[in-house]
Amino acid sequence: MNLAIRDLKLKYKGSVLGVLWSVLNPLLMMAIYTVVFSLFLRAVILPDYWALVLAGILTWVFFSTALTAASVSFTHNANLINKVAFPYESLPIATVIANFVNFLIMEVILLVVLVLAQSVLHRQVGLRPPAVLLPVILAAILACGLGLSLFLATLTVYFRDVEHLVGIGLSALFYVTPVLYPLDARALPHGAARFIPYLRLNPFSWFFESIHSVLYYGTWPDWPTFGLMLIASAAALVGGYAFFMWLRPRIPEEV
């Protein structure tokens, strides 16, 4: 926990706006993607499309920033690992938790915005009973992030190119994950429907479909997809930790 607090303080040290940057960045991305995809390209046709984009962007920012930073948490702290006896896994875990705190702050703001949009502006979006599943989805997202961070941080110790491959991989994954669009042929351009079955094979899509269901559509998630999300998050957490424990004894000499 102390490491997570340290990471949060270092992230905003010397910044005038501080934690507000965590709010401004996704808001700016939401505005740009909403204008480009719904107005210029007309690639997605949905009412209140901004809400779907914001729900997706917040989740993606957590995954991308947490995994990118956590992947180098061992290699960038080599001196600490070799000089101090402590649980090494706390380094990537602290990075993920620090980013998850930012994510939670933004999720709370999103919930407030959705309530105001529904009650004051009378928009279609808003909080409905399925939102009770949001804590479960957020817990699954955290578990997945923790597991993947442990795996990537450990792998980077032995293969330093992973640090660069993570950024490239995330850039490609962004467009084949339903962050900015739903996996619904009715909302996508003609011909896109044939790719939907393949996009659903992407495990990350299970997380985004679930969070879009409860926050944007206000419907219960597709239960097979929801179940796959829970299985994937548990598998990532257990698999990532097992991989770390397998190679842990050699980390100090390899880092």
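For region 48-127, list the helices (runs of 4 or more DSSP H) that sit wholly inside it and hold at least 1 residues that are under 19 Å from Thr177 (Cβ atoms) and touching a residue at least 60 places away in the same chain (Cβ under 8 Å); which are they?
Working: elements: 49-70, 78-83, 90-119.
In region 48-127, 49-70, 90-119 are the helices (runs of 4 or more DSSP H) which contain 1 or more residues that are under 19 Å from Thr177 (Cβ atoms) and touching a residue at least 60 places away in the same chain (Cβ under 8 Å).
Being under 30 Å from Leu215 (Cβ atoms) and touching a residue at least 12 places away in the same chain (Cβ under 8 Å) is the filter; apply it to region 154-172 and report the residue that is surrounded by the fewest Cβ atoms within 10 Å (Cβ to Cβ). Talk me through it step by step, then tell me what you get.
Going residue by residue through region 154-172, those that are under 30 Å from Leu215 (Cβ atoms) are 166-172.
From what's left, touching a residue at least 12 places away in the same chain (Cβ under 8 Å): 166-167, 170.
Numbers: Val166: 21, Gly167: 12, Leu170: 16.
Looking at the filtered set, the residue picked out is Gly167.
Among residues belonging to region 184-217 that are touching a residue at least 24 places away in the same chain (Cβ under 8 Å), farther than 21 Å from Leu104 by Cβ and in contact with a helix residue (DSSP H, G or I) (Cβ under 7 Å, 6 or more places away or on another chain), point out the one that is surrounded by the fewest Cβ atoms within 10 Å (Cβ to Cβ).
Only one residue fits best here, namely Pro203.
Could you tell me which of the residues Ala94, Ala139 is in contact with an Asp or Glu (Cβ under 8 Å, 6 or more places away or on another chain) and at pLDDT 90 or above?
Step by step, each of Ala94, Ala139 is checked, and only Ala94 is in contact with an Asp or Glu (Cβ under 8 Å, 6 or more places away or on another chain) and at pLDDT 90 or above.
Name the pairs whose Cβ atoms lie under 6 Å apart, with the first residue in region 29-47 and within 14 Å of Pro178 (Cα to Cα) and of a type outside the set (Asp, Glu), the second at pLDDT below 80 and in a helix (DSSP H, G or I), and 6 or more positions between them or separate chains?
Cβ pairs passing all conditions: Ala43/Phe37; Val44/Phe37; Val44/Ser38.
Does region 116-128 include one or more residues that are buried (at least 17 other Cβ atoms within 10 Å of the Cβ), within 20 Å of the chain's Cα centre (by Cα) and of a type outside the set (Val, Ile, Thr)?
No, that holds for no residue.
The values are calculated or read from the model by the stated rules, or taken from the named source; none is laboratory data. The shown structure was predicted, so the numbers you read here are calculated from the model rather than taken from an experiment. No Cβ is skipped: glycine too gets one built from the backbone with ideal geometry, and neighbour counts run over all protein chains shown.
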